[in-house]
Amino acid sequence: MEIREVQSAEARARLSDLLDGTRHYGHHVKIVRYGKPTAVLVPPAWYASATEPAGPLALGRRIEELADALSQADAAGLNADGLTELAQAVSGAEAALGALAEKLTRMTRKRR
């Protein structure tokens, strides 16, 4: 993903175009003022996924995804050992994702 960098004066003059590019084409735009990042324009879907709380709804969706993956593995003929290895790998990845989500949540709260 490429992040375009624009000076604040240019952003002010071209705000409508920048918003259209973000919404319709998925552009990410970093607005810089006096050489320092001031704001970032991101697509609404990206923002929604980045700020979604890691609460019960997100965990429920993750459980559904895991159940689907296990069903597909079973349909593909993986035996019990293969499923155990898959479950262990998923568990490790899920723990890492949980830790990352907690860190991002703390960082977001500090910025507010």
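What follows is calculated from the coordinates using simple rules that are stated; it is not laboratory data. Computed from a predicted model, the values in this text were never measured in an experiment. All Cβ positions, even for glycine, are placed from backbone atoms using ideal geometry, and neighbour counts span all protein chains on display.
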For H28, list long-range residues whose amide hydrogen, built 1.01 Å from N in the peptide plane, is under 5 Å from its own amide hydrogen. R4
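At 0.36 nm per residue, minus the direct Cα-Cα distance, what do K36 and R61 gain on full extension? Give it in nm, one decimal, please.
Values: separation 25, 0.36 × 25 = 9.00 nm, distance 3.82 nm.
Roughly 5.2 nm would be gained on extension.
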Separation in nanometres of the label points that stand 7 Å from Cα toward Cβ, at Y25 and A45: 1.7 nm
With a cut-off of 8 Å between alpha carbons and a minimum separation of six or more residues, what is the relative contact order of the range 3-45 in percent? 40 percent
Could you go through the range 7-13 in sequence order and give the Karplus-derived ³J(HN,Hα) for each residue, using 6.51 cos²θ - 1.76 cosθ + 1.60 with θ = phi - 60°, rounded to whole Hz, and x for Gly and Pro? 6, 4, 5, 5, 4, 5, 6
